[in-house]
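In what follows, a single structure is set out as structure tokens and then discussed.
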Amino acid sequence: MRLRNAFLAPTAILMAVTMLAPLAIIVVYSLLTRGAYGGVELPWTLENFTRLWDPVYGVIFVRSFWIAAVSTALCLILGFPLAMFIARSGPRKNLYLSLVILPFWTSFLIRTYAWMFLLRDTGIVNSALQGLGIIREPLALLYNDGVVILGLVYGFLPFMVLPLYATLERLDPSLLEAAADLGARPRDTLVRVTLPLCAPGIRAGAILVFVPCLGTYLTSDLLGGSKTVLIGNLVQNQFTASRDWPFGAALSLALMAIAMILLFAARRRGEELL
Amino acid sequence: MPPETVLQLRDVSKDFATQRAVADVSLDIPRGAFFSLLGPSGCGKTTILRMIAGFETPTSGEVWLNGQRIDPLPPYQRNVNTVFQSYALFPHLTVQGNVEFGLRRNRVAEAEKRVREVLQQVRLEAKASRRPSELSGGERQRVALARAIVLQPDVLLLDEPLSALDPQLRKQVRGELRDLQRRVGVTFLFVTHDQEEALSMSDQIAVMNAGALEQVGTPREVYARPRTRFVADFLGAMNWIDGIGVRPEAVSICPQGRKAVVTGVTYLGSFCHVAMTLVNGEDGGETIHAQVASGDAFTAGQAVCVTWNREDEVRV
């Protein structure tokens, strides 16, 4: 027992310092008054939280949830067939899995910039289409909700594929044979056997994609520009341009609270999260 | 295809990457029979079952069911059902849900009635709302059976369905399975490597070795009149004296006959197993085993005489 504690202690201390301490600071800041040049001042106030009810922020919250939900759904739709393909490709599995993880070898920031180079007015896509004479004026591919979703799906697809793969790989193939044996066509087998048995993987993947999508600011900032402000950008603004740290802290606490309520709702009774 | 034959294999072969799993097997399974495919593991019996179910495609040959060629059909279009070795029950469904699974196309009232009837037949009415994980091994096996027979298949395929049960239960289930088959009248094709199982349950046995059929016949025929040395050895112990086979239970130890010396005695409760070495003549040195009543006392080193009836001899 003592040995176990000795090994746990560093992790426990790290978690406390790197997670709980910043969280406590955020809570304290959210209850203080903004300083004239950033930072926080006394007196204590709840005003930062009452401001959250302004419909301007409501719209941004709704849009953030919408974009995160659509991105998660697309990751599931795209990731499921891929995960199934990998789970059934025998000795090639490991190769395909490393291909899925390959993008992580480059910084997410650089990969997002690469998307900008591809999609901007003078980017490769527009130049190619113009060169082929398909379009005359460049298409406005950047700076809309769609391209933000594209960037998020691209970035977070592996987080969906890996847990789906893990459950599909463990799926007993004789269950699929039994379903066919009992008269189920492949589509029935998918709906009545494969999907229900993959529910834990689907839930895990959905959480792993949805939560970071909800808090994203890099993708929406670079690909969405000023037209697609999400919660993440709003929070970032409070700490930079707007110099309103207490309100930024209140915003991030609200985001965290909503995300936790959703996760709790997604949890099935008697089942652990993830 | 004669009407009394429900399932027919015509020169069926199956090649896998490195080996021929099934070699030119032709079989006629009579309607309503309890038919066993018996052989050691890796002899191709499970591959045959999987080709009939539709999980494998024959490399050559044809499979006919009720006058229809089925080998090109997918599993869900064949009126055969399988009881899997691991049972393959759906863990997310209750017993009821598992048994109902194949009845999707039936009217609800009709399906409910059939599920109720079949659960009664396998004595699981009380457990209809349990999940497979809450059942014992024997109960799971009965759910697997119920799930398959509720669809009234032309042939029920059973892939070593008793091998996952503990030995005590296995013997009891043999009788139950046999009774169930008689009651529902469905043709059973039963795959096993256990000769006792095959002998005790079957109307007919097909003995397989290395992908090929060795012999097809009633339990009595394959046991008492084996046509190959493999069949003779696989279906029970056999003494080979001058190329002639004699079962240990046909050998008796008596005052007159061939001279032998007892080399070992194994007490097995209801009977004794006696190992001996023949001493005289051209048979000198050959080992012969006898199964005798446990009341007869023999000791190692004792000089005895052995004999057997001519009609108990097996020539292959």
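A Gaussian network model of chain A, with springs between Cα atoms under 10 Å, assigns the largest mean-square fluctuation among A:C75, A:C213, A:C198 to A:C198.
The ranking of B:H92, B:H193 by Cβ neighbour count inside 10 Å, starting from the fewest, reads B:H92, B:H193. The residues A:Y37, A:Y96, when put in order of fewest to most other Cβ atoms within 10 Å, stand as A:Y37, A:Y96. With the cut-off at 38 Å, report for chain B the share of all Cα pairs above it, as a whole percent. Roughly 28 percent, rounded to a whole number.
Within 10 Å of the Cβ of each residue in B:78-84, the mean number of Cβ atoms contributed by other protein chains is 3.
Only DSSP H runs of four or more residues enter the estimate; each adds -39500 (n - 2.57), and after division by the residues of chain B the mean residue ellipticity at 222 nm equals -7500 deg cm²/dmol.
Averaging over all projection directions, find the projected area of the Cα convex hull of region A:37-195 and quote it in nm² with one decimal place.
17.3
For chain A, the membrane-span-like helix rule (DSSP H, alpha carbon extent of at least 30 Å along the helix axis, mean Kyte-Doolittle at least 0.5) picks out A:55-87, A:145-170, A:245-266; this says nothing about an actual membrane. Using only alpha carbons, region B:168-316 has a radius of gyration to Kirkwood radius ratio (Rg to Rh) of 1.05. Packing, taken as the mean count of other beta carbons within 10 Å per residue, orders the peptides A:177-184, B:8-15, A:237-244 from highest to lowest as A:177-184, B:8-15, A:237-244. Over chain A, dividing the summed -39,500 (n - 2.57) contributions of all DSSP H runs of at least 4 residues by the number of residues returns a 222 nm mean residue ellipticity of -20500 deg cm²/dmol. Partner shielding of B:91-97 amounts to 2, given as the average count of beta-carbon atoms from other chains within 10 Å of each residue beta-carbon. The rule of thumb for compact globular proteins, 2.2 N^0.38 Å, goes into the C-alpha radius of gyration of region B:238-315 1.01 times. Mean projected area of the Cα convex hull of the protein assembly as shown, taken over all directions, amounts to 44.4 nm².
Here's the list of lysines a cross-link from B:K127 could span, going by alpha-carbon distance under 24 Å and ignoring same-chain residues fewer than 8 apart: B:K113, B:K171. Could you list log10 I(q)/I(0) for chain A at q = 0.14 Å⁻¹, which the Debye formula gives when each Cα is one point scatterer? The Debye formula, applied to the Cα set alone, gives -1.16. Rounded if a/c is under 1.5, else prolate if a/b beats b/c, else oblate: with a ≥ b ≥ c from the C-alpha gyration tensor eigenvalues square-rooted, which is region B:22-145? It is prolate, given that a/c is not under 1.5 and a/b is the larger ratio.
Each reported figure results from applying straightforward, stated rules to the coordinates on display, with no laboratory input. Given the structure is predicted, the values throughout are model-derived calculations rather than measurements. Note that we place each Cβ from the backbone using ideal geometry, even for glycine, and neighbour counts take in every protein chain shown.
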